[in-house]
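The values are calculated or read from the model by the stated rules, or taken from the named source; none is laboratory data. These numbers come from a predicted model, not from an experiment. Virtual Cβ from ideal backbone geometry, glycine too; neighbours counted across all protein chains shown.
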């Protein structure tokens, strides 16, 4: 039973990936829609970033002094100036650990 | 013109830094499945059949919490609807591929791979074999995801929970969008999405993950109209 639901979930997920690539041709999307779609990374990824920082494992808001806020701030500053993914992730993690453990 | 192999390796190296967060997340994902009492084959099977980190964890947590299979499956579908948006952008670059190739390459479309390949595509529109970059990012993520979830299943959570490595996930996505903070329109769209995601966090089936991008895209459409 669980296997069956995993397979259905897998098919659903595959369809979300495949539909627009394989079944929609470029002419079906007008220029205005394409211009809006250019914002997709900025419109999607904050929905992963914000809850992961501001909401804890129990589904409630974190305190303002939570180390995750400091870590994220450092990562944004380092990422902005370094343009380097590794530096962004490591600086965020390390500054988070410094507040967490000291 | 870059060769297929050059584009493939470029894709691999462009996405490689994100393994800093993908690998710990995979280990956590595998370990959680076992901790919740699921059959190891089942936990691993999800990494091949679904191949979507956050949705795999949500699926297992819902089932172990007593939710019906229907709710668990629906949630996976809802969480993954964001791929429709990735596909809408990628379709423009992949339109020359045969239908079969489109079907195959679709399996490899994941967040970080889409983000890095999309950045590359925007700068290199004229390359003939662009899709090899996407195959490079996607297959790198696929291999690392398989190995890391398997490691989590076999070894359990050998990453101490106190380290809070889950925090690497938002950091990886910060790294993806941080350069767009230079553009005020993108900043507005990001905040529209982020604030909506907090407001709608408790919406059923984890639907905040698609509700907030839709709100943000409406904001983007409004900005575009205003710009003219």
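Tell me which residues, restricted to segment B:139-152, are surrounded by 21 or more Cβ atoms within 10 Å (Cβ to Cβ) and over 14 Å from residue B:53 (Cβ atoms). If the condition is that a residue be surrounded by 21 or more Cβ atoms within 10 Å (Cβ to Cβ) and over 14 Å from residue B:53 (Cβ atoms), then B:140 is the only one that fits. Considering B:42, B:20, B:60, the condition of being more than 15 Å from residue A:6 (Cβ to Cβ), in the same structural domain as residue B:133 (by TED's automatic domain parsing) and out of contact with any strand residue (DSSP E or B) (no Cβ under 6 Å at 6 or more places or on another chain) is satisfied by B:20 alone.
Taking the condition closer than 21 Å to residue B:113 by Cβ and either at the interface with another protein chain (Cβ under 7 Å from one of its Cβ atoms) or surrounded by fewer than 20 Cβ atoms within 10 Å (Cβ to Cβ) (or both), does residue B:79 pass? The answer is no for residue B:79. Scoring residue A:83 on the criteria (1) exposed (fewer than 13 other Cβ atoms within 10 Å of the Cβ); (2) more than 7 Å from every other protein chain (Cβ to nearest Cβ) leaves a single failure, condition (2). The single condition among (1) over 14 Å from the mean Cα position of the chain (by Cα); (2) surrounded by 22 or more Cβ atoms within 10 Å (Cβ to Cβ); (3) more than 7 Å from chain A (Cβ to nearest Cβ) that residue B:66 does not satisfy is (2).
Residue B:73 meets the conditions (1) within 17 Å of the chain's Cα centre (by Cα); (2) within 9 Å of chain A (Cβ to nearest Cβ); (3) surrounded by 20 or more Cβ atoms within 10 Å (Cβ to Cβ); (4) over 15 Å from residue B:135 (Cβ atoms) in every case but one. The failed one is (1). Checked against (1) modelled with pLDDT under 95; (2) within 20 Å of residue A:41 (Cα to Cα); (3) not in a loop (DSSP other than H, G, I, E, B), residue B:125 passes all but a single condition, namely (3). In this entry, residue B:205 passes the filter for residues that are surrounded by fewer than 24 Cβ atoms within 10 Å (Cβ to Cβ), touching a residue at least 40 places away in the same chain (Cβ under 8 Å) and either facing another protein chain (nearest Cβ under 8 Å) or part of a helix (DSSP H, G or I) (or both).
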